[in-house]
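One structure is given here, and the rest of the page talks about it.
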Amino acid sequence: MTHTTKKIASFAASVALAASIALPGVALAQGTLNSNDLGVGAIQSDIKLGAGDVRQTAARLINVALGFLGIIAVLIVLVGGFKYMLSGGNEEKTAEARKLIVSGIIGLAIILSAWAITSFVISRLISATADTP
């Protein structure tokens with residue numbers, strides 16, 4: 001590329017950049033928009049947000065997450081049990097199966113203690129911030 005071609009390409013790129021910055025401002029010259037012009041009212045009428053307490057919603061989400069983790073831990077214990085039953089007396093396979101079973105039981109204990117702590121904290125938080133006179 002020659003020097004003049006580079007200058008022309010640079011100038012064209014600069015004009016294209018300036019046009020891409022300036023044209024949206026010119027195109028939206030109809031004035032200020034409000035939420036009804038954009039259809040926000042129609043969208044908000046279709047959205048069904050919960051009217052419940054945020055703390056209770058958070059507690060439900062935590063309970064669901066801990067439930068999924070509990071299911072995973074139980075599956076780990078089951079897989080360990082199947083591996084133990086199918087090991088055929090092989091020491092390596094039985095050791096691996098025992099590790100899986102112990103890991104699953106430890107995971108269940110951690111998940112249950114996390115659930116107990118979470119439910120205690122959430123219940124105390126809700127009772128402490130309740131609107132009772």
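No value in this document is a laboratory result; all are computed from the given coordinates. None of these values were measured; they are calculated from a predicted model. Here the Cβ is made from the backbone with ideal geometry for all residues, glycine too, and neighbour counts use every protein chain on show.
Worth pointing out:
- Signed unit charges on C-beta, dipole axis of the stretch 54-128, positive-most listed residue Ser103, Ile122, Leu66: Ile122
- Count Lys and Arg as plus one, Asp and Glu as minus one, and take only other residues whose Cβ is under 13 Å from that of Gly80; the net charge is then +3.
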